[in-house]
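Student: Got a structure for you, written out below as structure tokens; questions coming shortly.
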There are 4 protein chains.
Amino acid sequence: MKTKISVIVWNEFQHERQSSAIAEIYPDGMHQVIAQALRVGDADLDVGTATLDQPEHGLSEERLAGCDVLVWWGHKAHDQVDDAIVDRVQKRVLEGMGLIVLHSGHFSKIFRRMMGTNCSLKWREADEKERVWVVEPSHPIAAGLGEYFELPYEEMYGERFDIPQPDSTVFISWFEGGEVFRSGCTWERGHGRIFYFRPGHEAYPTYYDANVQKVLNNAVRWAAPRVNIVDVCPNAQPLEPIAKKALNFAKVGILQSAKDIQ
Amino acid sequence: MKTKISVIVWNEFQHERQSSAIAEIYPDGMHQVIAQALRVGDADLDVGTATLDQPEHGLSEERLAGCDVLVWWGHKAHDQVDDAIVDRVQKRVLEGMGLIVLHSGHFSKIFRRMMGTNCSLKWREADEKERVWVVEPSHPIAAGLGEYFELPYEEMYGERFDIPQPDSTVFISWFEGGEVFRSGCTWERGHGRIFYFRPGHEAYPTYYDANVQKVLNNAVRWAAPRVNIVDVCPNAQPLEPIAKKALNFAKVGILQSAKDIQ
Amino acid sequence: MKTKISVIVWNEFQHERQSSAIAEIYPDGMHQVIAQALRVGDADLDVGTATLDQPEHGLSEERLAGCDVLVWWGHKAHDQVDDAIVDRVQKRVLEGMGLIVLHSGHFSKIFRRMMGTNCSLKWREADEKERVWVVEPSHPIAAGLGEYFELPYEEMYGERFDIPQPDSTVFISWFEGGEVFRSGCTWERGHGRIFYFRPGHEAYPTYYDANVQKVLNNAVRWAAPRVNIVDVCPNAQPLEPIAKKALNFAKVGILQSAKDIQ
Amino acid sequence: MKTKISVIVWNEFQHERQSSAIAEIYPDGMHQVIAQALRVGDADLDVGTATLDQPEHGLSEERLAGCDVLVWWGHKAHDQVDDAIVDRVQKRVLEGMGLIVLHSGHFSKIFRRMMGTNCSLKWREADEKERVWVVEPSHPIAAGLGEYFELPYEEMYGERFDIPQPDSTVFISWFEGGEVFRSGCTWERGHGRIFYFRPGHEAYPTYYDANVQKVLNNAVRWAAPRVNIVDVCPNAQPLEPIAKKALNFAKVGILQSAKDIQ
């Protein structure tokens, strides 16, 4: 592994260019604010960005090969993501690359691919207060947080969230309007680590929040690859002697029973 | 739910028609032997079959809608399975249908879809003895088995098996040639239950084995749907009053910091 | 297994005899209301009760031997439960008996014994509204419930709840005062199934609630034994020939290295 | 946390003083060989030892308070370990201290306490070959190992191993005599990490093996505390206003139904 953890922050980058209200919050796109949050402090990260409208969505074979952790924000353009790029990202996660999926990325092709489920949920946009409770304070992703943190305005996501049982449920959110949500969940798939983090609606300045930035910083470091193993399905030589056997299926009554079935 | 559990045994049905050695063991196809094993005894199952070469691979919308548990055997023709049918099966599993994946089905499109991983492993064809150990004797799939059962000749599958952590590892196999394998694994995905069962190489009469037939019978009943829930992602009305808020991002210094980043 | 599932509802039965306010809600004790809720409807349960002040707390060897599912309510008298009885209950759970732990039973000796953790949490008595969200609608314990149910007055329990990762988190609660809690959790230990269910403060009529009674009915049936296996740690005969080996530790440099360490 | 990880290697230290054959392999006790293996290489560990016959078994309040990871080997003297010391160790694990349990330590008081189960298994002493397969190559405990490693002579441990479902099953062993075993398992309990590692029979020089030493080195670093949190069960102030309610149980028909039950 390299000295620095190489991070790509991917954003579909549509809302920010289509809505003046959202552009006011994220004038250069959410990916720039997230990337900046990761560049602050320790210099152990090497942070770049990529967007939907770039060639290969900014995720060429070469670039992904050198990527340690991919952060993903998408919402209205999930369908415009090329299936071949989704295959490529999945392959890299299974080899060991980390994947951080943010907010509306729950419905991205790559998250649904990794989970195998619909990843659906309840939702509501109502300038609602969210309180994110830390359920696993010893998890590295929760390092430096208090017992909870609050976001004054967020979109609501409510259970049931259609995901496989997480390895760890780091955060559970309380919403002003009455719902709850597993807001920080981890999984391992292949040799890679995956973290889903709920907050981050485009209409609110969530990614400027200090606690959210701390979570993102923790998550990127947690998800950094431990190995890089290319998939194989090898024909293996025996390690112990295998007795030569006269295959006699009739002897054990098997062909007899086959005939009976006919 | 209906009174009987409706089961479809799906087989690609290629080896049996292309190899005389295999045809001798399974003259009408493996699916017929498996189906027959499920028809014996209690009359709580309604068992049919489907094969690759049928229209829609025998898995029309209508037929799948009425299916409670799908048993899947495939090997050399995984790529010939239509992606639209894979989508359809996945949708049904997530709604609650059970899925039993057998042996070389580890590389089927539907299993890889549900797992999100490569599902690769080590393998060897050497007329090898397999001893299947029961690790979770209280699991319904292990009901009626002893501490282990043996198969005199089987293909070897060895770890590492690239799957997500199972909910339950019911069986672990010992192989004569020196490997081990998690041979019976369960997962829940959406509202459906999935069971992977390792034994069942086409060149051996494994599906005539009494213990294997017991496992299949147990598994089909375990995987029967508990619910049938069609996926939605609803916009939810609040259950509690949500305070009207004057969104003032600048007040909390957020737009300030946005400008700083520029 | 017998035709009927044999259930014992255990209660420390202290609050109801020491507080007139609580006696007004549960004049014969909470155990009687819970038992009655389990006796209604299907006649597949055989329901009895036991209390702290009975000889052996009503849990003699013989009675426990015939018990399929034990329901446990305790709060102020946890310390008065005899360790020998806790040992006995643990042994039966590991053999296959189901255990349903209610509300303040989170701090009971038997629950802490089975979990291995402190089982601590946040709490508050404030006549607070609780909304219990169904996170796993396909779990048998959630059968027949809607997306959530509400309790108008309950004690608050908040995260972090110090438990091992549950096998299934069936319910998560939202509290009026701002907390969340994993209110319905399942585990398997040995051959037995365990369910923790949060609601049930003695000062409120929670066990008269129709949804709570449905959960209890579901849970008792879910936790019924699948097996009854007495623990052994056997010296096992080999199933395969083991080569005779001349143990020569020196040959592999081991005793050499032992001397180096000195 | 301190700069160095503080490790205590605990050994009952009985076999080595009672059997000349075992003393020949481990003249100063197994704990000295294990401690030495941890002292080699990186100087990030501060390694001490403790034994049963020391005052408080060498595990005073003060010493445990400064301990980051405790390694435990016991076999014939499990019962001689003072329950008060077991309480103390459990408390520290739940606060964040790591615990590595070796071989026959599966039956130690502390391991059974943390697991909540019997921790029983099959066993056989027959100078048997063990092949330890790496099932999770991306787990830090498997770092630097190949696909498997072999031990020429070991005691056999076979399934079923009566443990709660591990968070991660890092190793599964193949035994010459025909059994399999989950040989490397991890759990989190409270804020602490636990690793059980199977090899290490006192009659064989297992702890001199380079791969075994690598596993121990990896495990100690993996189990190092991430936090140190003392258990509390606080009465929490509300974070949101709680409506004043007139508790009227009769109104909702509850006391009515209480009378019906009588």
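The values are calculated or read from the model by the stated rules, or taken from the named source; none is laboratory data. Worth saying up front: this structure is predicted, and the values here are computed from it rather than measured. Note that each Cβ is placed from the backbone with ideal geometry, even for glycine, and that neighbours are counted across all protein chains shown. The accessibility values were calculated without ligands, DNA or RNA, using every heavy atom of the protein model including side chains. Shrake-Rupley method; radii C 1.70, N 1.55, O 1.52, S 1.80 Å.
Student: Across region A:63-103, what is the total count of residues that are of a type in the set (S, T, N, Q) and in contact with a Lys or Arg (Cβ under 8 Å, 6 or more places away or on another chain)?
Tutor: So the count comes out to 1.
Student: Would you mind stating whether B:Asp53 is modelled with pLDDT of 95 or more and touching a helix residue (DSSP H, G or I) at 6+ places or on another chain (Cβ under 8 Å)?
Tutor: no
Student: Which condition number in (1) farther than 21 Å from C:Phe249 by Cβ; (2) within 14 Å of chain C (Cβ to nearest Cβ); (3) among the hydrophobic types (A, V, I, L, M, F, W, C) is the one that D:Ile22 fails?
Tutor: The single condition D:Ile22 does not satisfy is (1).
Student: Would you mind telling me which numbered condition in (1) open to solvent by 50 Å² or more (accessible area, probe 1.4 Å); (2) closer than 17 Å to A:Gln14 by Cβ A:Lys91 fails?
Tutor: If we test A:Lys91 against (1) open to solvent by 50 Å² or more (accessible area, probe 1.4 Å); (2) closer than 17 Å to A:Gln14 by Cβ, just (2) comes out false.
Student: Which condition breaks for A:Val40 when tested against (1) touching a strand residue (DSSP E or B) at 6+ places or on another chain (Cβ under 8 Å); (2) over 16 Å from A:Gly200 (Cβ atoms); (3) β-branched (Val, Ile, Thr); (4) open to solvent by 10 Å² or more (accessible area, probe 1.4 Å)?
Tutor: That leaves (1) as the condition not met.
Student: Would you check which residues across region B:144-167 are in contact with a helix residue (DSSP H, G or I) (Cβ under 8 Å, 6 or more places away or on another chain) and within 24 Å of C:Pro166 (Cα to Cα) and list them?
Tutor: B:Asp162, B:Ile163, B:Pro164, listed by residue number.
Student: Return yes or no: is C:Lys76 in contact (Cβ under 8 Å) with a residue 24 or more places away in the chain and more than 24 Å from C:Leu121 (Cβ to Cβ)?
Tutor: In short, no.
Student: If A:Glu24 meets every condition in (1) touching an Asp or Glu at 6+ places or on another chain (Cβ under 9 Å); (2) in a helix (DSSP H, G or I) apart from one, which number is that one?
Tutor: Of the numbered conditions (1) touching an Asp or Glu at 6+ places or on another chain (Cβ under 9 Å); (2) in a helix (DSSP H, G or I), the odd one out for A:Glu24 is (1).
Student: Quick one: is D:His31 buried (at least 22 other Cβ atoms within 10 Å of the Cβ) and in contact with a His (Cβ under 7 Å, 6 or more places away or on another chain)?
Tutor: In short, no.
Student: Out of all the residues in region B:148-156, is one or more under 19 Å from the mean Cα position of the chain (by Cα) and either surrounded by fewer than 21 Cβ atoms within 10 Å (Cβ to Cβ) or at the interface with chain A (Cβ under 9 Å from one of its Cβ atoms) (or both)?
Tutor: So far as region B:148-156 goes, no, none of its residues is under 19 Å from the mean Cα position of the chain (by Cα) and either surrounded by fewer than 21 Cβ atoms within 10 Å (Cβ to Cβ) or at the interface with chain A (Cβ under 9 Å from one of its Cβ atoms) (or both).
Student: Given the residues B:Ser120, B:Ser60, B:Ser108, which is the only one that is among the small types (Gly, Ala, Ser) and open to solvent by 10 Å² or more (accessible area, probe 1.4 Å)?
Tutor: B:Ser60
Student: Being in contact (Cβ under 8 Å) with a residue 40 or more places away in the chain and within 8 Å of another protein chain (Cβ to nearest Cβ) is the requirement here; does A:Glu136 meet it?
Tutor: no
Student: I'd like the residue in region A:133-147 that is under 27 Å from B:Gly190 (Cα atoms) and part of a loop (DSSP other than H, G, I, E, B) and, out of all such residues, is least open to solvent (accessible area, probe 1.4 Å).
Tutor: Only one residue tops the list, namely A:Val135.
For (1) out of contact with any helix residue (DSSP H, G or I) (no Cβ under 7 Å at 6 or more places or on another chain); (2) within 20 Å of A:Asp167 (Cα to Cα); (3) crowded, with 19+ Cβ neighbours inside 10 Å, each residue gets a yes or a no:
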{"position": "A:Tyr208", "(1), (2), (3)": "no, no, yes"}
{"position": "A:Gln213", "(1), (2), (3)": "no, no, yes"}
{"position": "A:Ala223", "(1), (2), (3)": "yes, yes, yes"}
{"position": "A:Pro234", "(1), (2), (3)": "yes, no, no"}
{"position": "A:Gln237", "(1), (2), (3)": "yes, no, no"}
{"position": "A:Pro241", "(1), (2), (3)": "yes, no, no"}
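Student: Next question. For B:Val227, are the conditions met, namely being outside any helix (DSSP H, G or I), touching a residue at least 24 places away in the same chain (Cβ under 8 Å) and either surrounded by fewer than 19 Cβ atoms within 10 Å (Cβ to Cβ) or within 12 Å of another protein chain (Cβ to nearest Cβ) (or both)?
Tutor: The answer is yes for B:Val227.
Student: How many of the residues in region D:7-25 are over 21 Å from D:Phe111 (Cβ atoms) and in contact with a strand residue (DSSP E or B) (Cβ under 9 Å, 6 or more places away or on another chain)?
Tutor: 0
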